[in-house]
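Below: the structure, in C-alpha cells.
Bear in mind that the values in this text are calculations on the coordinates, not laboratory data. Because the structure is a prediction, the values reported are computed rather than measured. No Cβ is skipped: glycine too gets one built from the backbone with ideal geometry, and neighbour counts run over all protein chains shown.
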Amino acid sequence: MTATANPARKPARPYFSSGPCAKPPGWSAAKLATDSLGRSHRAGIGKERLQHCIDLMREVLELPDTHRIGIVPGSDTGAFEMAMWTMLGARPVTTLAWESFGEGWVTDAVRQLKLDPTVIRADYGALPDLGQVDWTNDVLFTWNGTTSGVRVPDGEWIAADREGLSFADATSAVFAYNIPWDKVDVATFSWQKVLGGEGAHGVLILGPRAAERLESHTPPWPLPKVFRLVSKGALNEGVFKGETINTPSMLAVEDAIWALEWAKGVGGLKGLQARSDANAAALDRIVAERDWLGHLAADPASRSKTSVCLTVEGADADFVKTFAGLLEAEGAACDIAGYRDAPPGLRIWCGATVDTADIEALGPWLDWAWATLKS
C-alpha cells in the first residue's frame, strides 16, 4: 500500500540528522569540559586522555589484546593510506571496489603506488564475487560501503590460513557489526561515522601479522612523517599508547571519549548494534510501505544497516537535491541526498547515534516532500 501525504500539512518536526555526523542523543559541548583541553598532548594529562580513549575503543569494540589501536591523522582516509603506504609491496595486491571509497583505494594502488593490483569490481548496489579473492595476495576492501549501502555479509569469506594481509576500511562498520578480529589484519575507521564524533582523526587497528609486516618490510617509496610507524626497524609502540605522531585536537579526543562512555551506557557493542538494527528495520518498513522508494542494495544479506541508500522512482540528481533541500529547510532531515558519485537517491544514516523514533518520524516527511514535488 502506498503512503500519501497532503502537501499542505507538514508532520511534526523531530530532532533528526541522517548524516554520518549525527550526534549521540543528549550530546552537549558542556560535557567536554575537562582538564585536558588547552593542554599539550605530550603532557601527562594529554597522554592519559589519549590512552583512555584507546582503552575505551578496545572495550566497546571488544577488541582482543592481540590487536593494537592507534590514533592517527587524516580521518579514515589517512589511516587507510598509512596502512597502504607502509605495508603494501611485499606481496601481490587485490583490491575490491563496489563504491567510491573502494575505488579510491584502487586509484592509490594503481596510480600512486603503481602496484598493478588485481581489481574486482561491482556496480553500485551490488557486491563483487568474494569467491574470486586470492588470499595469497594482500586484499583491500571496504567492510561497509558508505556511498552504496552495500556491505560484506560477514567474515566467512576471509581465509583463516591466508598468506596475505586483510585490509578492511571499516569506517561505517565498526560498532555496528560483529567483526571477526582474527580475520582482520588491518582495520581503519574515524570517529565521525558510527560514533558521531568529530572528524580529522583516524583510528588504525593492527593485528599481529600486520605488525610483523611493518617490521619485516621496507617500502620502496618515500614515507611522509605522518605515515612513519617504524623507527630503526622496530614498530613505534608509542603510537599505540597515546603518543600520537602529530598534534591531535584534544577537544576531538574528549568528544570521542564522551561518545564511547555514552556507548557503554547504552549497552556497549551489543547495545549499539541493537540500536542500529532497530533503525534499519524502521527504515525498511518505511520503504516497504511506499512503492516510489526502494533499496539500492537489493540483497538484504549485503545491505548496510548504517548507511542505507535508497532509490527514488524517476528521480535524477536535480530532483534529489530539491527533495533533500525541502526537508533540510524544514529542519526535518539533514544531508540525506546520496553521495555525488552514486546513482541519484537518498542516503539515510541508521547508526546507533540516531533514535529509532526519529527514523520512524522521517516517513511522513518523505511523503510530504514527495507529494510537494509531484504536485
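At a Förster distance of 51 Å, what's the computed FRET efficiency of residue 223 paired with residue 274, Cβ-Cβ distance as r, to 0.05?
FRET efficiency, residue 223 to residue 274: 0.80.
Sort 82, 250 so the one with the fewest other Cβ atoms within 10 Å of its own Cβ comes first.
So the residues, fewest neighbours to most, are 250, 82.
Restricting to DSSP H runs of at least four residues, report the calculated mean residue ellipticity at 222 nm for the chain, -39500 (n - 2.57) per run over all residues, nearest 500 deg cm²/dmol.
After summing the helix terms and dividing by the residues of the chain, the value is -10000 deg cm²/dmol.
If I model a spin label as a point 7 Å beyond the Cα along the Cα-Cβ vector, how far apart are those points for residue 321 and residue 118 in nm?
4.1 nm
Grab the eigenvalues of the alpha-carbon gyration tensor for region 268-374, scale each by 5, take roots, and send me the semi-axes largest first in whole angstrom.
In descending order, the three semi-axes are 22, 15, 12 Å.
What net charge is computed for the residues neighbouring residue 68, neighbours being all others with C-beta under 11 Å from the C-beta of residue 68, Lys and Arg scored +1, Asp and Glu -1?
Result for the local shell: 0.
Quick check: the distance between the Cα centres of region 104-121 and region 297-357, to the nearest angstrom?
That distance is 29 Å.
Give the residue from 192, 64, 239 lying farthest towards the positive end of the charge dipole for region 29-264; charges sit on Cβ (+1 for Lys and Arg, -1 for Asp and Glu) and the dipole is referred to the Cα centre.
Most positive-ward Cα: 239.
Could you give the length gained by full extension between residue 375 and residue 62, i.e. 0.36 nm per residue of separation minus their alpha carbon distance, to one decimal place?
My answer for the length gained is 107.6 nm.
Choose one of 79, 93, 306: the residue whose Cα lies farthest towards the positive end of the charge dipole of the chain (beta-carbon charges +1 Lys, Arg; -1 Asp, Glu; about the Cα centre).
Of the options given, the answer is 79.
Between residue 55 and residue 156, what FRET efficiency follows from the Cβ-Cβ distance if R0 is 30 Å, with the result rounded to 0.05?
0.50
How much FRET efficiency would the formula 1/(1 + (r/R0)^6) give for residue 329 and residue 266, where r is the Cβ-Cβ distance and R0 is 25 Å, rounded to 0.05?
Computed FRET efficiency for residue 329 and residue 266 comes out at 0.20.
Cα atoms only, the chain: Rg and Dmax in Å?
In order Rg, Dmax, the Cα atoms of the chain give 21.1, 69 Å.
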